[in-house]
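Shown next, in C-alpha cells, is the structure this report addresses.
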Amino acid sequence: MATILVTGGAGYIGSHTCKALARAGHTPVTYDNLSRGFEHAVKWGPFERGDILDADRLGEVIARHRPEAVIHFAAFAYVGESMLDPGLYFRNNVVGTLGLLDAMRTHDVNRIVFSSSCTTYGARTSEPITEERPQAPVDPYGRSKWMVELILRDYARAYGLRAVALRYFNAAGADPDGEIGEDHDPETHLIPVLLDAAAQGAPFTINGDDYDTHDGTCVRDYVHVADLAEAHVLALKALERDPGFVAYNLGTGHGFSIRQLIDAASRRLDRRIEVKLGPRRPGDLDATTAVAALAERELGWTPRLSNMDDIIDTAWRWRLRRLNRAAQGVEPVS
C-alpha cells in the first residue's frame, strides 16, 4: 500500500490516525518536533524528528520516504494561547503549512488531508452546522485554520493540488486497545479534565450555568478520536478524484451538555463527582453540533464509537493505564 507522511503524527489525533493507517495497510511516516507530541506515541511506522517551519528538513524527509500523500496535523491548537500570542499561531500554522505545500510541490506530492476545525465557523449559535455555513472565525487559532483552507483552495486551482479538509467538532476518547490516548500539557479538554477530577476526588468546575440550553451548561458534539482517525483513512480515497478542494464536517449531530457529561461519567465510573460553579469563559458558545451527512455520503464515514459510554470508557482506561505505568516508572504522566 502507500507511504503517507503524517505531520504532527506524535500528537493526539495524529497518533490515532497513524494506527488506523497501519491497520489499513499503509506505512505512516511521522514528522514531529515533539514540542507537543510524544515519541512513545509513534508505534506504527518510521519517526522523523523535525519542525514544520524547517523547509530543508521537510524536503529531506519527503525525498527519502517518497510519500504518496500527506496528512497534516502539525499545528498549535489552544484558542486562549492564540489570543495571547497570535504571531506564534500564524507563523507555525500558516507559514509552516506554506512551507510544507511548497516542499510537496518540489517533490511531486500533490495530495493532502488537512486537519481543520469547526472553529472556522466562528461565533454562530444557530444549529446544526453544515459545510455551507459561512466561515467567520473569531480567534487566531480558528483564523489560522481558515487561512490554510483558503491556501489549499488556491493551490488546488493553480497547481492541481488534491486537498481534503476535515473540520472536527470535539475530539474525545482514546484508543480502544489502550495503546495511545490523550496527552496535553496543559490539559484543557473537558473530558480528561473531568476524569482527572474523578480520579483525584477533586471538584470539577462548571464554567457558567446560564447558557441558553436545556440545563444552562454548554452543549457540544463529541466524536471519538478513533472515528476521526478512520475518517482520515477514508479521505485518502477522496484524493483519487479530480484535482480540487473539498471540506467535510466530522461530528455526530448529537450534543451533550456539561451536566450530562458529568452524570454519564459518574454512572460509568460508579463514583460521585463533586462540582463547583465558576465564571463563564470568554468566547464559549451555547451549543454547537455538526451535520456530517456529506462525509457519510461521499467518504462512507459513519462514527462507530462516538457514543458517550465508549468515549468515557476508553478515556478512563487510558487514564488508569498512564497512572499505572507512571507508578512503575515506565513513562511519566504528562
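Take segment 76-116 and flag every residue that is within 21 Å of Ala238 (Cβ to Cβ) and either open to solvent by 20 Å² or more (accessible area, probe 1.4 Å) or modelled with pLDDT under 95 (or both). Of everything in segment 76-116, those that are within 21 Å of Ala238 (Cβ to Cβ) and either open to solvent by 20 Å² or more (accessible area, probe 1.4 Å) or modelled with pLDDT under 95 (or both) turn out to be Arg105, Asp108, Asn110, Arg111. The criterion of at least 2 residues that are without any contact (Cβ under 8 Å) to a residue 24 or more places away in the chain and not polar (S, T, N, Q) is met by the following strands (runs of 3 or more DSSP E) wholly inside segment 1-59: 47-49. If you go through segment 104-121 and keep only what is of a type outside the set (Ser, Thr, Tyr) and either in a strand (DSSP E or B) or closer than 23 Å to Ala63 by Cα (or both), you end up with Met104, Arg105, His107, Asp108, Val109, Asn110, Arg111, Ile112, Val113, Phe114. One residue stands out in segment 136-146 among those that are part of a loop (DSSP other than H, G, I, E, B) and free of Cβ contacts under 8 Å to residues at least 60 places away in the same chain: the one that is surrounded by the most Cβ atoms within 10 Å (Cβ to Cβ), namely Pro137. For segment 13-28, indicate whether the set of residues that are in contact with an Asp or Glu (Cβ under 9 Å, 6 or more places away or on another chain), more than 12 Å from His232 (Cβ to Cβ) and of a type in the set (Val, Ile, Thr) is non-empty. Within segment 13-28, none of the residues are in contact with an Asp or Glu (Cβ under 9 Å, 6 or more places away or on another chain), more than 12 Å from His232 (Cβ to Cβ) and of a type in the set (Val, Ile, Thr). Can you spot a residue in segment 161-182 that is within 21 Å of the chain's Cα centre (by Cα) and free of Cβ contacts under 8 Å to residues at least 12 places away in the same chain? Checking segment 161-182: at least one residue is within 21 Å of the chain's Cα centre (by Cα) and free of Cβ contacts under 8 Å to residues at least 12 places away in the same chain.
Check Ala231, Ala295, Ala290 and return the single one that is open to solvent by less than 10 Å² (accessible area, probe 1.4 Å), farther than 21 Å from His26 by Cβ and not acidic (Asp, Glu). Explain how you work it out, then say what you get.
Numbers: Ala231 fails: farther than 21 Å from His26 by Cβ; Ala295 fails: farther than 21 Å from His26 by Cβ.
None of the others qualify; the one that does is Ala290.
Got at least one residue in segment 1-20 being farther than 18 Å from His107 by Cβ and open to solvent by 50 Å² or more (accessible area, probe 1.4 Å)? Yes, that holds for at least one residue.
Just one of the listed residues (Arg167, Arg133, Arg124) is at pLDDT 90 or above, open to solvent by 20 Å² or more (accessible area, probe 1.4 Å) and either closer than 30 Å to Ala69 by Cβ or not in a strand (DSSP E or B) (or both), namely Arg133.
Report, by residue number, each residue of segment 136-160 that is over 22 Å from Arg91 (Cβ atoms), of a type outside the set (Ser, Thr, Tyr) and at pLDDT 95 or above.
Result: Ala156, Arg157, Ala158, Gly160.
The criterion of at least 2 residues that are closer than 30 Å to Thr7 by Cα and out of contact with any Cys (no Cβ under 7 Å at 6 or more places or on another chain) is met by the following helices (runs of 4 or more DSSP H) wholly inside segment 181-282: 190-200, 225-238.
With within 21 Å of Asp242 (Cα to Cα), touching a residue at least 60 places away in the same chain (Cβ under 8 Å), of a type outside the set (A, V, I, L, M, F, W, C) and touching a Ser or Thr at 6+ places or on another chain (Cβ under 9 Å) as the only criterion, which of Glu149, Glu131, Glu127 stands out? Only one candidate qualifies: Glu149.
The values are calculated or read from the model by the stated rules, or taken from the named source; none is laboratory data. Predicted, not measured: the structure shown is a model, and the values here were computed from it. Note that we place each Cβ from the backbone using ideal geometry, even for glycine, and neighbour counts take in every protein chain shown. When the accessible area is computed, the model is the full protein with side chains, heavy atoms only, and any ligands, DNA or RNA have been set aside. Shrake-Rupley method; radii C 1.70, N 1.55, O 1.52, S 1.80 Å.
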